[in-house]
Amino acid sequence: MNKVILPAGTTLGKSFEYGVDVNLGTYADPLWQSIRRLLGYQPTDTPTTQDAQTYDDQGAPNNDVTGWGWGLAFNVQVHRFLNTGLFLPEVEYLLDRTRPHSVGELAVADVRWYHKPAEGTPNPNDAGRGLATVAKTRQNIGPGGEIEMFGFSLSGKGAYEEIANPFTGWSATAPKVSAVIEVAAGDGELITIVGEGLLDATGVTIGGTSVEFVPVNGATVIAQMPTGDAGDVAIIVTTPGGPSPAFTYTRGA
């Protein structure tokens, strides 16, 4: 028995209690997508120092911290869409920053990371956002059919920003539809549904009719208009987090 008594209401932390997101939107208007099937998360904070030694130190080292470098490393079990061959959008986002044409700002990723506890309240002081360059390696390269995995290393560009911890719990949240790009689409035409939390869509209804659809990323679903009359119809996207609030769309014939 451990005789050192811990305060009441505490719990032992676990190694998997962290999340990392990538920004699929703009810096000013972010669209955060969590990196799924993440493991091996390892942050690194490195001080930048300057020699401040004087005679009074009598030969002992004396260094001032003038700034902090940061980095993240993690592995991802990668999943592909069967109909396109593409990886999940968060993986494609990181891979896009490692391609031969990715130089300058095209090589920069906008990411955030945060404490994500199995139970209890997330640490409000353990969350950050920063810009970084990306390096990758392919893991599990043996002939035995191991799970495909990428290793990513992110090197910070400048200091990161301390942010409010965005974690709101493990339960899935309902999606949201905010717009349809096409105007007055009619029978059989494809429409682009835009919103949040759409990647894991399990169903789409337009005017109460279930329709064919393909999730593109967390912000976009392509769907086919059913047969119907011109006028206002309700569009609802359903995910494991539940149905979205109905979005009113004025369709054509």
Self-check item: Charged-residue dipole, Cβ positions (Lys, Arg, Asp, Glu), the chain about Cα centre, Debye nearest 20
Solution: 600
Exercise. Convert each backbone phi in the stretch 89-97 into a coupling constant with the Karplus relation 6.51 cos²θ - 1.76 cosθ + 1.60 (shift: θ = phi - 60°), then list the ³J(HN,Hα) values in order as whole Hz, x for Gly and Pro.
Key: x, 5, 6, 4, 4, 5, 5, 4, 8
Quiz item: Per the Kirkwood definition applied to all pairs of different Cα atoms, how many angstroms is the hydrodynamic radius of the stretch 105-253?
Solution: 18.5
Quiz item: For the chain, with the dipole built from +1 on Lys and Arg beta-carbon atoms and -1 on Asp and Glu ones, taken about the Cα centre, which of GLN53, GLN224, PHE74 lies farthest toward the positive end?
Solution: PHE74
Quiz item: What stretch of the chain, leaving out the sites themselves, is the longest with no chymotrypsin sites (Phe, Trp or Tyr not before Pro) in a DSSP loop having at most 16 other Cβ atoms within 10 Å?
Solution: 82-169
Quiz item: Mind checking the log10 I(q)/I(0) for the chain at q = 0.12, 0.14 Å⁻¹? Debye, one equal scatterer per Cα, no solvent, two decimals.
Solution: -0.87, -1.07
Practice problem: At a Cα cut-off below 19 Å, give the aspartates and glutamates reachable from LYS14, other chains included and same-chain residues fewer than 8 away excluded. | Solution: GLU119, ASP126
Practice problem: Between ASN63 and ALA159, with labels modelled 7 Å along Cα→Cβ, what's the label distance in nm to one decimal, could you check? | Solution: 1.9
Quiz item: Between GLU212 and ALA135, 0.36 nm times their residue separation minus their Cα-Cα distance comes to what?
Solution: 24.0 nm
Exercise. Counting only C-alpha contacts under 8 Å and six or more residues apart, can you give the relative contact order of the stretch 30-165 as a whole percent?
Key: 24
Quiz item: Highest GNM mean-square fluctuation, the chain, Cα pairs closer than 10 Å: which of ASN125, ASN83, ASN75?
Solution: ASN83
Self-check item: Inverse mean reciprocal Cα-Cα distance (Kirkwood Rh) of the stretch 8-138, Å
Solution: 17.7
Self-check item: the stretch 131-172 - Rg (one decimal) and Dmax (whole number), Cα, Å
Solution: 16.3, 44
Exercise. Please work out how much accessible surface HIS115 shows to a 1.4 Å probe, ignoring ligands, DNA and RNA, in Å² rounded to 10.
Key: 30
Self-check item: Mean separation of Cα contacts under 8 Å (6+ apart) over length of the chain, as relative contact order %
Solution: 14
Practice problem: Would you mind computing, in nm to one decimal, how far apart the modelled labels at ALA73 and ASN2 are, each placed 7 Å from Cα along Cα→Cβ? | Solution: 2.8
Self-check item: Cα centroid of the stretch 3-70 to Cα centroid of the stretch 99-161, whole Å
Solution: 14
Quiz item: For LYS136, which aspartates and glutamates qualify as cross-link partners when the Cα separation must be under 13 Å and same-chain residues fewer than eight apart are set aside?
Solution: GLU92, ASP96
Quiz prompt | Additional length obtainable on full extension of the chain from SER102 to ASP229, 0.36 nm per residue less Cα span | solution = 41.0 nm
Self-check item: Debye equation applied to the C-alpha atoms of the stretch 8-80, log10 I(q)/I(0) at 0.15 Å⁻¹
Solution: -0.79
Exercise. Could you grab the relative contact order for the stretch 98-191? Cα pairs under 8 Å, six or more apart, rounded to a whole percent.
Key: 26
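The values are calculated or read from the model by the stated rules, or taken from the named source; none is laboratory data. Only a predicted model underlies this, so the values are computations on that prediction, with no experimental measurement involved. FYI the Cβ positions are ideal-geometry reconstructions off the backbone, even for glycines, and counts take in every protein chain you see. We work out accessible area using only protein heavy atoms, side chains counted, and drop any ligands, DNA or RNA first. Shrake-Rupley method; radii C 1.70, N 1.55, O 1.52, S 1.80 Å.
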